[in-house]
1. Report yes if some residue within the stretch 221-243 is buried (at least 16 other Cβ atoms within 10 Å of the Cβ), of a type in the set (A, V, I, L, M), in a strand (DSSP E or B) and in contact with a helix residue (DSSP H, G or I) (Cβ under 6 Å, 6 or more places away or on another chain); otherwise report no.
2. Conditions: (1) surrounded by fewer than 18 Cβ atoms within 10 Å (Cβ to Cβ); (2) within 20 Å of the chain's Cα centre (by Cα). W112 meets all but one. Number of the miss?
3. I'm trying to understand the selection: among the residues of the stretch 365-392, which are without any contact (Cβ under 8 Å) to a residue 40 or more places away in the chain and assigned to a strand (DSSP E or B)?
4. Can you tell me which residues in the stretch 199-220 are closer than 18 Å to V265 by Cβ, surrounded by fewer than 21 Cβ atoms within 10 Å (Cβ to Cβ) and of a type in the set (A, V, I, L, M, F, W, C)?
5. Which is at pLDDT 90 or above, more than 19 Å from D69 (Cα to Cα) and of a type outside the set (S, T, Y), of N375, N407?
6. What pairs come out if I take residues in the stretch 129-143 that are more than 12 Å from L178 (Cβ to Cβ) and pair them with residues that are hydroxyl-bearing (S, T, Y) and modelled with pLDDT of 95 or more whose C-beta lies under 7 Å away, six or more apart or interchain?
7. Go through (1) modelled with pLDDT of 95 or more; (2) under 27 Å from W99 (Cβ atoms); (3) out of contact with any Ser or Thr (no Cβ under 8 Å at 6 or more places or on another chain) and name the single condition P207 misses.
8. Just to be sure I understand the filter: pairs with C-beta atoms under 7 Å, separated by 6 or more residues or on different chains, first member in the stretch 412-440 and under 20 Å from T182 (Cα atoms), second member of a type in the set (F, W, Y) and not in a strand (DSSP E or B). Which pairs pass?
Amino acid sequence: MSTITLKGDYGYDPYKISDLDDGTVINAEGATFRHDNDDSDGKSNPYPFMVYDAPNVVLEGGTIIGNIDQDSAWRTVYDQGNAAAIRTEDSPGVVIRDWRITETWDAIRVSWNSDDFLIENVWVTDARDDAVENDRLQSGTIKDSLFDGVYAGLSIDPSSSSPVDGSKETVTMEGVLLRLETSLYKGEMTHGSFIKTDSATDGEVTPNLRFIDCVFALEDVDHRSYRSMFDAWDHTIESKGNVFLNLSNTPLPDDYPMPPDGWEVLQGKEARDYWETARAEWIADHEDGTEPSNPEPETPTEPEPETPTEPETEPKPEPKPEPEPKPEPEPETKPEPETKPDPKPEPDEGKPTFDGRSFKGDGDDETIIGNGRDNKIDGKNGTDIIKGGAGDDVIRGNDGADLIWGNAGNDTFYYKRLSDSRESYGVDTIMDFTDGDTIDLSRIDANREVSGNQAFKLVYGELTGAPGELSVRFAEGSSDVTVISGNVDDDSDIEFQLLVRGHIDLSESDFNL
């Protein structure tokens, strides 16, 4: 058995290999790959890791840091180019394990002649389409993996141009944590199904399915592809120890395809608490349960077995199903947050951190400085200092207690979810809000007590405890801090809080609610 070891940061250079000996191990534990389907800035890598003609190959991960747009409409992102972080073809018995993948389109795509695949100990955060695409309907197992924030779960939906019959195959999901997250699809916020089945034959070619000790969580009870779940449950041959979570406070519709025996169904706060606990336990139980970080660029090295020849043909984009978005639930009630920022000195002007229009940080605390273009900056995890450039920038601090300067231009301070700025994740401070700037909260559902994506209602002074209120007030004993607080349910706890430096008289025109 031969081993190929990959190390270093491969950047936007795709790794492609084929014609391997039976049982070859590709150890990419020390390697990082960048993933992007948009070449408008000159950097694109839609398929960063591809393996062909490699029977029983073992793919040991490995980090793939994606830059796939998670916010634009599904069709817009798809039209930039089909993509998958890991793609295998003609590789029966392939094992894909110990990978960390973020901000992807499809996380893993198991294509032609890769039956009896095994996917295990994989952690995926934010997939704009499928967690796993198995549209060739091959037998295989997905186990002990966390898919956190995906548009759709397992796709077993062959295209009409490539019909296959998987009715004699079996796919097993064991110990899988899968959370669907809403995103924009045909003008609405929604997501797809846990299982996407064949849309052309009403499920006649759907493989047998086994679900063991899985946790499935949805955000939108009116999500797309109801039919798929009827088919999935109809083709279930084993089901035990599973939990089905409705993270919203809206009950499942009367005609919703309920899971069979072997599934416990929870809703609302109970479901959200269950998910948070299960997710935290999964991360704690896995050695490398940390956010990926950008390693120091090393020259990528590949060991001794000579790298086999690359496949001559590029992967062909495969037609995609219909995906979509609606607002997204967040971890629930937390104690009263601090109202004082811990100001740090303004970042040095310095050299811009990047040359293009878009930049996403890593999991570390970092300083990000924009340039003269209309930048789109996402700080990701960590306590960051973010400073926009001279253009009309869109800045998202994301997790962590971030300090944000828009600088010149009409800037947008963008908050996609409650955890972008709340006490348990870190409260952001906008350091230089001026006329023409906007605080965008439109992606946050302001009222979990009713269905749909509700807008906040601006109030001045303290919150009353009614869901959907967004309070603006000045911090007690301070004339230089404006406090913005939001409540999204029927308790009195604050689920969102943001600080603005200065005594700022904010009005509705300063927000996108």
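1. No, the stretch 221-243 contains no residue that is buried (at least 16 other Cβ atoms within 10 Å of the Cβ), of a type in the set (A, V, I, L, M), in a strand (DSSP E or B) and in contact with a helix residue (DSSP H, G or I) (Cβ under 6 Å, 6 or more places away or on another chain).
2. (2)
3. T367, I368, I369, K376, I377, D378, I386
4. Residue satisfying the conditions is I212 alone.
5. Values: N375 fails: more than 19 Å from D69 (Cα to Cα).
When all the criteria are applied, what remains is N407.
6. Taking only residues 6 or more apart or on different chains, the pairs are D129/Y151; E133/S155; N134/S155; D135/S155; Q138/S114; S139/T170; T141/T172.
7. Evaluating P207 over (1) modelled with pLDDT of 95 or more; (2) under 27 Å from W99 (Cβ atoms); (3) out of contact with any Ser or Thr (no Cβ under 8 Å at 6 or more places or on another chain) leaves (3) as the failure.
8. S419/Y425; S421/Y415; D440/Y415
The values are calculated or read from the model by the stated rules, or taken from the named source; none is laboratory data. Only a predicted model underlies this, so the values are computations on that prediction, with no experimental measurement involved. Note that each Cβ is placed from the backbone with ideal geometry, even for glycine, and that neighbours are counted across all protein chains shown.
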